[in-house]
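See below for the structure under consideration.
Nothing in this text is a laboratory measurement; each read-out follows from the coordinates by a stated rule. Not measured: the values here are computed from a predicted model. Neighbour counts run over all protein chains shown; Cβ positions are idealised from the backbone, glycine included.
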Amino acid sequence: MARTGFLYRNEFLLHDTGPHHPERPARLVAIKRAVDQSDLALKPLDITPADPADLLRVHSPDHIDAVRAACNDAGVSFGPDTPAGAGSWDAALLAAGAGISAANAIRDGLVDNAFCAIRPPGHHAEADRAMGFCLFNNIAVTARWLQHVADVQRIAILDWDVHHGNGTQRTFYGDARARFVSLHQHPHYPGTGRADERGDHDTVRNIPMPPGAPAAAWHHALEETALPFLARFEPEFLLISCGFDAHARDPLGDQRLGAEDFARMTRTVRPIADGRIISFLEGGYDLEALVDSTLAHLRALTGHP
């Protein structure tokens, strides 16, 4: 069985998105309660918040200043769907630092892989733009830290959120030391992620799924296209933008996956990077589907059948 780290902090609940926002604190409350009541033997890992140097490897100084200012001025938002408030700054720094903390734990031999139960999510955030519920690009911050601080030469990023990870793709579009693969519904928000977007060095693979695509199509794409592309690269770490909004119950997607499909996808990619996997919570907005899918994903990470 693999040793799986679990990263969570109560401060994530202080990121107040309002009473009717789909990306709400109740998501993490439900996940934490389900994990605590499960038989999963996860290892709790503390989180060190991201520092300015960590953020600056991905985001511009103006963007960081804008997020800080918005968090200090309750009621300010980045467009209609990306609010920020008094508790958002600490939550965003913890979310951006969670993957780095997980990477350190894996490098130190404390765990084999890790799941970051974090919010706000990150994969839509660009160098100078917060959008799509995301303030900082958590997965990109971790990948850049691995490259620049841990001297990791080959990093794979897999995004199976129902929405394309435009911010992550843009960050690594010209980076020959990284591979980015995204399975996502298309056409759908944010409108990026066409199959012909392949990166400056042919390092990007976008696999668009039409509305209503069955789970079998996702498994075929992952097993026949994404897995060989990533495996040939022989990455030292695999980072997963782990959204669960391709679940059939999710209100923000139109796909047909169930919880067990996320377990199968996790088992499919576990051999990559010799199992050195860090998974980052992104989307997933039906609470029952989110909990079931998260537990299925965690069981697969730990090696449960």
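Between D274 and R198, the FRET efficiency from the beta-carbon distance, with R0 = 22 Å, is close to 0.25. I need the Kirkwood Rh of region 1-138: take the reciprocal of the average 1/r across all distinct C-alpha pairs and report it in angstrom. In region 1-138 this quantity evaluates to 15.4 Å. DSSP beta bridges fully contained in the chain are about 10 percent antiparallel. Could you tell me which of A226, F133, G253 has its Cα farthest along the dipole of the chain towards the positive end, charges placed at Cβ (Lys, Arg +1; Asp, Glu -1), taken about the Cα centre? So the residue furthest toward the plus end is A226. Remark on I157: its backbone amide H falls under 5 Å from those of R179, F180, V181, L239, a criterion applied only to residues 5 or more positions apart or on other chains, H modelled at 1.01 Å from N. Could you pull out which residues in region 6-45 have an amide N less than 14 Å from a spot 7 Å beyond the Cα of N104, following the Cα-Cβ vector? Those under the cut-off are 45.
Using the Cβ-Cβ distance between D46 and E260 with R0 set to 30 Å, the FRET efficiency from 1/(1 + (r/R0)^6) comes to roughly 0.45. Residues D161, D128, D112, D175, ranked from the fewest to the most other C-beta atoms within 10 Å, line up as D128, D175, D112, D161.
Remark: spin-label model distance D128-R232 equals 3.5 nm, labels positioned 7 Å along the Cα→Cβ axis. Over the chain, Cα pairs under 8 Å with separation of 6+ residues give a relative contact order of 19 percent. Positive contributions from Lys and Arg (+1) and negative ones from Asp and Glu (-1), summed over other residues with Cβ under 12 Å from the Cβ of P49, come out at -4. Extent of region 88-190 along its three principal axes (Cα atoms, max minus min coordinate, largest first): 41, 33, 23 Å. Remark on H124: its backbone amide H falls under 5 Å from those of G167, a criterion applied only to residues 5 or more positions apart or on other chains, H modelled at 1.01 Å from N. Relative intensity of region 4-302 on a log10 scale, I(q)/I(0) at q = 0.09 Å⁻¹, equals -0.36, per a Debye sum over C-alpha point scatterers of equal strength in the absence of solvent. Each Cα pair under 8 Å and six or more residues apart adds its sequence gap; the mean of these over the residue count of region 1-105 is a relative contact order of 40 percent. From least to most packed, judged by other beta carbons within 10 angstrom and beginning with the fewest, T17, T294 follow the order T17, T294. Of the residues Q255, Q37, Q185, the one that moves most in a GNM of the chain with alpha-carbon contacts below 10 Å is Q37. Amide H contacts of Q255 (H built 1.01 Å from N, in plane; Pro and chain starts excluded): G212 sit under 5 Å, all sequence-distant by 5 or more or on other chains. Largest GNM mean-square fluctuation across P120, P228, P25, computed for the chain with C-alpha springs under 10 Å, falls on P228.
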